[in-house]
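In what follows, a single structure is set out as structure tokens and then discussed.
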Amino acid sequence: MYVKCGKLADAHQVFVETTERNTFSWNSLIEGYANSGKARTSLELFTSMPCKNEFSWNVVIAAYAKMGDLEVAQQLFDEMPVKNTFAWNSMVHGCVLYGRIGKVRRYFDAMPCRDVASWNKMMTGYIHRDNLGKH
């Protein structure tokens with residue numbers, strides 16, 4: 001509840017005081033920090049999380065890709081045990097945001113399964129590249 005209200009300090013305090021932390025409580029706090037632009041704090045929590053799930057991986061990969069630290073995002077992506085479409089799309093999106101069109105295409109081509117978001121992110125990257133060249 002604290003995370004949804006944007007009270008991360010309070011949420012973190014409750015988390016620290018909780019003796020039985022489950023995957024949901026870990027993920028809620030990690031996502032709260034990631035969505036607040038505090039990717040490093042979310043990664044610190046993620047690193048100490050005893051049992052990571054697909055959602056945990058997706059949150060930190062997306063956070064680093066969104067802030068442009070594609071090297072850390074790539075490292076996390078490489079370490080992810082089973083890569084899902086969301087993780088692939090996060091990498092494509094990060095590359096689109098920061099103009100790395102060659103990488104966008106490599107990720108897109110390597111994706112085992114593409115969805116509508118995959119195609120949209122890919123097309124957005126090419127549209128932005130073409131528009132930048134016309135100015």
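What is the Rg over Rh value, at two decimals, for the chain, using alpha-carbon atoms and the Kirkwood definition of Rh?
Working: Rg = 16.4 Å, Rh = 15.7 Å.
When Rh is taken as the Kirkwood radius, the ratio is 1.04.
Roughly how big is segment 1-57's charge dipole about its Cα centre, with Cβ charges of +1 (Lys, Arg) and -1 (Asp, Glu), in debye to the nearest 20?
Working: 6 positive and 6 negative charges, 31 e Å.
Using only the charged Cβ atoms, the result is roughly 140 debye.
Rounded, prolate or oblate: which fits segment 1-69, taking a ≥ b ≥ c as square roots of the Cα gyration tensor eigenvalues, rounded meaning a/c under 1.5, else prolate when a/b beats b/c?
Details: a/c = 2.04, a/b = 1.30, b/c = 1.57.
Since a/c reaches 1.5 but b/c is at least a/b, the shape of segment 1-69 is classed as oblate.
Based on DSSP H runs of at least 4 residues, each adding -39500 (n - 2.57), what is the mean residue ellipticity at 222 nm of the chain after dividing by all its residues, to the nearest 500 deg cm²/dmol? Walk me through the numbers before you get to the answer.
Values: 8 runs with 97 residues, N = 135.
Mean residue ellipticity at 222 nm (helix-derived): -22500 deg cm²/dmol.
Once label points are set 7 Å from the Cα along Cα→Cβ at both residue 40 and residue 82, what is their separation, rounded to one decimal in nm?
3.4
Could you name the lysines whose alpha carbon sits less than 26 Å from that of residue 83, not counting residues in the same chain fewer than 8 places away?
Within the straight-line cut-off, residue 83 pairs with 38, 52, 66, 103, 121.
As I understand it, the value is the acute angle between the Cα axis of helix 54-66 and the longest principal axis of the Cα atoms of the chain; what does it come to in degrees, rounded to 10?
Approximately 60 degrees, to the nearest 10.
If you keep only loop residues by DSSP, which trypsin sites (Lys or Arg not before Pro) in segment 35-135 have at most 12 other Cβ atoms within 10 Å of their Cβ?
Numbers: sites: 38, 40, 52, 66, 83, 100, 103, 105, 106, 114, 121, 129, 134; in loops: 38, 52, 83, 100, 114, 134.
When the trypsin sites (Lys or Arg not before Pro) of segment 35-135 are filtered for loop state and at most 12 Cβ neighbours within 10 Å, 134 remain.
Between residue 119 and residue 98, what FRET efficiency comes out of the Förster formula 1/(1 + (r/R0)^6) with R0 = 25 Å and r the beta carbon distance, rounded to 0.05? Please list the in-between numbers first.
Values: r = 20 Å, r/R0 = 0.79.
Result of the calculation: an efficiency of 0.80.
Could you compute the FRET efficiency for residue 14 and residue 128, with r as their C-beta to C-beta distance and R0 at 30 Å, rounded to 0.05?
Numbers: r = 41 Å, r/R0 = 1.38.
For residue 14 and residue 128, the calculated efficiency is 0.15.
Any read-out appearing in this document is the output of simple, stated calculations on the displayed coordinates, not a laboratory observation. Please read all numbers here as calculations on a predicted model, not as lab measurements. Glycine gets a Cβ as well: all are built from the backbone with ideal geometry, and neighbour counts include every protein chain shown.
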